[in-house]
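Report on the structure given below.
The values are calculated or read from the model by the stated rules, or taken from the named source; none is laboratory data. For clarity, every value in this text was computed on a predicted model and none was experimentally measured. Here the Cβ is made from the backbone with ideal geometry for all residues, glycine too, and neighbour counts use every protein chain on show.
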Amino acid sequence: MLNQRTVVIFGASGDLSSRLLLPGLGSLLAGPRATSVRIIGTGRSPLAPDEWTGRVQAAFGHDLSPAAAETLATTQYVAGDPTDPAHLRALLELAGPAPVLYFSLPPAVTTAIVQTLQGIDLPAGTELAFEKPFGTDAASAAELNKLVGTLVPEENVHRVDHFLGRTAVLNLIGLRFANRLFEPVWNAEHIESIEIVYDETLGLEGRAQYYDNAGALVDMIQSHLLLVLALLAMDAPATMDAVEVRSEMARALRSTQLYGSTPEASRRARYTAGGSVPSYADEAGVDPGRETETLAEVTVEVDTNRWAGVPITLRSGKALGVARKEIVVKFKPLRHLPSGLHGSRDGETLRIGLNPGELSLSVPALGVDGPYTMGQVFLDATLPSSPVLPYGEVLNGILRGDPLLSVRGDVAERCWEIVEPVLDAWRSGEVPLEEYEAGSDGPSHWASFAQNIDKVK
Ligand code: NDP
């Protein structure tokens, strides 16, 4: 077991801390990779000790492992203004050597703390963990990177994106680089198109304050789905070391650009009322004039020898009829079929579920409509899923000082750069805001996606 590590959670009274961070840590502490962790929660809210401990206990559950019991017994909450230098100094004093400072705060507050920390010496080995969004555009992300870089070295900076902790996303590495069936054909010579889709059936769920300012493009595509794309498109790293893997991811994203002209490469839409879901524009806290999209689609290409010419479509939306969360890799049909074979000429389609990790490969085979008629058969499997939640997986790296699953600074900036032309085109009205009924498959003429929906299990 590692030496005990102290994690200071800023914004500990908030939603992310209770709903994702602490349960993620609990899932890590319950298993064989448990380490000794002390948590200091902090925020302006005056939480009584019992109230804080109760939240940690609720997140960990009742059947506590020895490591979780130790964390629960030693945790404390310290109320205070996180931008006050005296409060920060007191927290650092309490935390001791090599703390993890986890910023689970609105981004503007995090930036204010980073500015305040410029005047404070951080202990050697301090790790800084930042929630998304990291900046609000490429320029602000670069600015924040510069500030953070004066505090600790890049390898001690963890820009968190919990998609990188999802078993199904991590499994892309195994599926691709340890697989003779896929790796040799993982290129433009054999692949026709790729879709990375994260559709939710849930609507706004009361998160207007955040979501109405972000929208589907920034909330999902700018961060999570571009990182999935990086793992899907990158070349094989020499080793699983953070330096190697993150360099390959960065290289893939540096080559990523919109597929075609800006207006053609994107679509956006907003849901109207459907079933029991009210129209997005009527939700409390939404400013309809802001024209926030609840469904976004962007098509990119990775302009490398491996991928040039392959459209890769990233899509995510809310209040849709089907919770499609998957990567779909469509292979090209073979150039020649023996004459005398009839029916579908479709090539293979590989579907990789992002949640909970189902894998399905449809392969051309003789079908049931006659001995020489082609059809598709499905090879289905379920990818192993880890009991450690995505946040637990990411925290495991942070606690060990390993940035493998953290977003590197240049990548955080690059993800903004890729979507900025789209955001500009949307702001200037070059791409119309379309509508779809809540509970539907999206605008009916967005056919390429609707075609795939019946194959979702
Ligand atoms: P909250 O809005 O719940 O804020 C977290 C805490 O920050 C609050 O409880 C509050 O604590 C403190 N805070 C709020 N405003 C201020 C302020 N002006 N000055 C000082 N402290 C303030 O955020 P979430 O917990 O939802 O999210 C935290 C971070 O995680 C954000 O960056 C968000 O983008 C990101 N994130 C959130 C997700 C989610 O599902 N919630 C998902 C992915 C990322 P107190 O009042 O006690 O000081």
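Observations, loosely collected:
- Of the listed requirements (1) at pLDDT 95 or above; (2) farther than 25 Å from Asn396 by Cα; (3) within 16 Å of the ligand (Cβ to nearest atom), Thr110 misses just one: (2).
- Residue match in segment 125-132 (condition: more than 16 Å from the ligand (Cβ to nearest atom), part of a loop (DSSP other than H, G, I, E, B) and out of contact with any His (no Cβ under 9 Å at 6 or more places or on another chain)): yes
- Ala129 being loosely packed, with under 14 Cβ neighbours inside 10 Å, out of contact with any Ser or Thr (no Cβ under 6 Å at 6 or more places or on another chain) and small (Gly, Ala, Ser): no
- Screening Asp121 with (1) in contact (Cβ under 8 Å) with a residue 60 or more places away in the chain; (2) more than 15 Å from the ligand (Cβ to nearest atom) gives one miss only, at (1).
- Flag if Glu143 is away from the ligand (no atom under 16 Å from the Cβ), modelled with pLDDT of 95 or more and over 15 Å from Val329 (Cβ atoms): yes
- When Val411, Val388, Val419 are checked against the criterion of being β-branched (Val, Ile, Thr), in contact with a Ser or Thr (Cβ under 7 Å, 6 or more places away or on another chain), under 30 Å from Val157 (Cα atoms) and at pLDDT 95 or above, a single residue qualifies: Val388.
- Verdict on Arg44 being of a type in the set (Lys, Arg), within 16 Å of the ligand (Cβ to nearest atom) and either crowded, with 23+ Cβ neighbours inside 10 Å or in contact (Cβ under 8 Å) with a residue 24 or more places away in the chain (or both): yes
- Whenever a residue of segment 171-190 is in contact (Cβ under 8 Å) with a residue 24 or more places away in the chain, its partners that are among the basic types (Lys, Arg) and surrounded by 11 or more Cβ atoms within 10 Å (Cβ to Cβ), lying with C-beta atoms within less than 7 angstrom and at least six residues away or across chains, give the pairs Phe182/Arg176; Glu183/Arg176; Trp186/Arg176; Asn187/Arg306; Ala188/Arg306; His190/Lys332.
- Among the residues of segment 54-99, those identified as out of contact with any Leu (no Cβ under 6 Å at 6 or more places or on another chain), of a type in the set (Gly, Ala, Ser) and within 16 Å of the ligand (Cβ to nearest atom) are Gly54, Ala58, Ala79, Gly80, Ala86, Ala90.
- Of all the residues in segment 146-168, those that are at pLDDT 95 or above, part of a helix (DSSP H, G or I) and crowded, with 17+ Cβ neighbours inside 10 Å number 6.
- Count of segment 1-41 residues which are charged (D, E, K, R) and either farther than 21 Å from Leu94 by Cβ or within 8 Å of the ligand (Cβ to nearest atom) (or both): 3
- Selection count where residues are among the aromatic types (Phe, Trp, Tyr) and in a helix (DSSP H, G or I), scope segment 397-438: 2
- Of all residue pairs spaced 6 or more apart or on separate chains, those with beta-carbon atoms under 6 Å, a first member in segment 416-444 that is over 13 Å from Arg270 (Cα atoms) and a second member that is among the charged types (D, E, K, R) and surrounded by fewer than 18 Cβ atoms within 10 Å (Cβ to Cβ) are Trp416/Asp137.
- Hits in segment 331-356 (condition: in a loop (DSSP other than H, G, I, E, B) and buried (at least 17 other Cβ atoms within 10 Å of the Cβ)): Asp346, Gly347, Glu348, Leu354
- Residue within segment 192-201 that is in contact with a Pro (Cβ under 8 Å, 6 or more places away or on another chain) and among the hydrophobic types (A, V, I, L, M, F, W, C) present: yes
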